[in-house]
């Protein structure tokens, strides 16, 4: 196939341990808007980009994978002010790693209440 028949990524799904807690966390801590919640999954949105779907899953499910035993993120977010976001998340008691620089952009990792490893960069 020379040209893709796909046009965009519509949504990402990640597993969560407690859907209600996760909906509150993503809306209150990260500023997502709740679009739909049927008790088994919740559709969340930011100002732009794909939808973010939280799915009530088994307790040991995670939305990341491992390489050499180390957790690697599957979802990356963008911010215009990485230092302000890092400070805000840390002030809220959210587990955040230090900010790293790589070829002109900055990034850090953080974890949601279900233990999903996420990344944000500028």
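Read the figures in this text as sums done on the coordinates, not as results from a lab. In this text the structure is predicted, and so the values were computed from the model without any measurement. When we count neighbours, we look across all protein chains shown, and the Cβ atoms used for this are built from the backbone with ideal geometry, even at glycine.
At a threshold of 8 angstrom on Cα-Cα distance, excluding pairs fewer than six apart, so keeping six or more, what relative contact order does region 11-121 reach in percent?
Result for region 11-121 is 25 percent.
Roughly what % antiparallel, to the nearest 5, for the DSSP beta bridges in the chain? Provide the component values of the computation, followed by the final result.
Numbers: 20 of 30 bridges.
So the antiparallel bridges amount to about 65 percent of the total.
For a protection proxy built on the mean count of beta-carbon atoms within 10 angstrom, sort 7-14, 88-95 highest first, please.
On the way: 7-14: 11.4, 88-95: 12.9.
Answer by packing, highest mean first, reads 88-95, 7-14.
Take the alpha carbon atoms of region 81-121, find their center, do the same for region 1-29, and report the distance between the two centers in whole angstrom.
Centre-to-centre distance over Cα atoms comes out at 19 Å.
Multiplying the sequence separation of residue 48 and residue 77 by 0.36 nm and subtracting their Cα-Cα distance, what value in nm do you get? Intermediate results must be reported in sequence, preceding the final value.
Values: separation 29, 0.36 × 29 = 10.44 nm, distance 1.09 nm.
So the chain would gain 9.3 nm between residue 48 and residue 77.
Which of 58, 102, 81 moves most in a GNM of the chain, Cα contacts under 10 Å?
Result: 102 has the largest fluctuation of those listed.
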